[in-house]
Each structure stands twice: as C-alpha cells, then as structure tokens.
Amino acid sequence: MYLALTGSRIRHGDALWSGLATHTIKAEDQAAFLDRLCATGDPESVLRGFFVPARRETDRPVLEAIARHFAQPSFSDIIASLDRGAPSDEFAAKTLATIRTRSPTSLHVAWRQISAGLTLSMDECMKMEFRILNRMLAGHDFYEGIRTAIIDKGSTPRWRPAGLDDVSVADVDAYFAPLGERELDL
C-alpha cells in the first residue's frame with residue numbers, strides 16, 4: 001500500500017525481503033543466466049547457481065513506520081495516522097507531504113484497487129486494471145500529471161478534484177464499473 005500511495009520505489013533487496021521477488025542475480029550475469037536457462041530448462045537449478053543474497057535497503061525504523069501507518073483499515077485512516085504522527089515523526093511528515101502532491105482521485109482509486117486485489121483472481125485483477133486504465137486515460141488527472149512532470153516541469157498540478165476529501169465514493173466507483181462491450185475478455 002505504501003508504494004502505491006507514495007509512488008516510492010524499492011530496490012532488489014527490499015523486493016526480495018518483501019516477497020515481491022524470489023531471487024536476485026547480478027545484472028552482469030543476466031545474459032549467462034538466460035543462456036543457461038535456455039540450455040537446461042531447469043529454472044530452480046539455474047536460479048540457485050546465479051542467486052546473490054541481498055540485504056534490505058530500508059532500515060528497520062522506516063519499515064516499522066510503514067507498517068504502523070499503512071496497515072490502517074481505510075485510506076482516510078492512513079492519512080489520519082500520518083497526520084497524527086507528522087508533528088514529531090519525520091517519516092510521517094515527509095510521507096504525508098508526498099501523498100498530498102499526488103492526484104487525490106488516483107490515491108483513492110489506488111487504495112481501493114490494492115485492497116480489492118487481495119481477494120481477486122489474476123483474471124479479475126487484469127479486468128480491474130483494464131477498467132481503471134480506460135477511465136484514467138479518459139480523465140483529467142493522468143494528463144495533468146504528465147504536463148507537470150514532463151511538459152511544464154516544476155509547475156503545480158491542478159487536480160480535479162483538488163483535495164483528498166473532495167473525492168466522492170461515486171467518483172471512485174466509476175473507475176471500477178464494467179466497460180460494457182469494451183470489457184476485457186480473457
């Protein structure tokens with residue numbers, strides 16, 4: 001949830017530690033890894049041969065802060081937790097400041113998407129992603145984000161709606177509604 005709401009990135013050690021990745025290999029070994037994989041057809045053996053242990057890059061206090069703030073039962077509870085912590089907690093203050101620069105609509109959609117995805121099949125997740133993608137491309141904030149990041153660098157985005165509390169449940173529901181005849185067929 002933290003990555004989805006902040007746009008933060010993780011490196012290979014954190015990906016391995018968190019379970020997003022199962023193995024790490026050196027970048028310079030990638031070609032040899034693929035050659036051996038093609039030659040043997042035995043991914044487990046090849047992975048064992050190229051595996052390089054990785055330490056997590058994020059330190060324990062930050063991981064604990066992420067767990068504390070982002071394990072809340074709703075998006076508004078996450079914001080409230082960060083807001084309560086911000087006066088005395090540098091992580092909470094910086095994270096809240098980052099979140100407040102993001103599209104309010106996208107934040108609400110991302111929270112629901114991650115939450116809903118926990119109980120969906122892969123096909124259902126792909127259909128949900130396709131619906132959201134179609135609605136994002138038809139909306140304002142996606143292009144506003146591109147404008148302020150690439151075209152008018154440094155300008156402040158004008159999100160619609162502008163505030164976290166201005167996004168209605170109906171606004172978010174619309175991103176998840178079926179697409180009719182344009183629905184993804186798997």
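Charge tally for Phe50 (other residues, Cβ to Cβ under 10 Å; Lys, Arg +1; Asp, Glu -1): +2. Seen against the Cα atoms of the chain and their longest principal axis, helix 90-99 is set at about 70 degrees. A Förster radius of 25 Å, combined with the Cβ-Cβ distance separating Asp173 from Ile146, puts the computed FRET efficiency at roughly 0.50.
FRET efficiency for the Ala97 to Ala27 pair, using the beta carbon distance and R₀ = 30 Å, is estimated at 0.35. Using a cutoff of 8 angstrom between alpha carbon atoms and counting only pairs six or more residues apart, the relative contact order for the chain works out to 20 percent. Percent of C-alpha pairs per 5 Å bin in the chain, short distances first: 1, 7, 12, 14, 14, 14, 14, 10, 7, 4, 1, 0.
Using a Förster distance of 41 Å, how high is the FRET efficiency between Ala67 and Thr40, based on the Cβ-Cβ distance and rounded to 0.05? Once rounded, the FRET efficiency stands at 0.55. Relative to the dominant Cα principal axis of the chain, helix 104-117 is inclined by about 50°. Charging the Cβ of each Asp and Glu at -1 and of each Lys and Arg at +1, and nothing else, the dipole of the chain about its Cα centre rounds to 480 debye.
All of the numbers you see were taken from the coordinates with simple rules; none came from a lab. Computed from a prediction, not measured in an experiment: that's the story for all the values here. All Cβ positions, glycine included, derive from the backbone under ideal geometry; neighbour counts span all protein chains shown.
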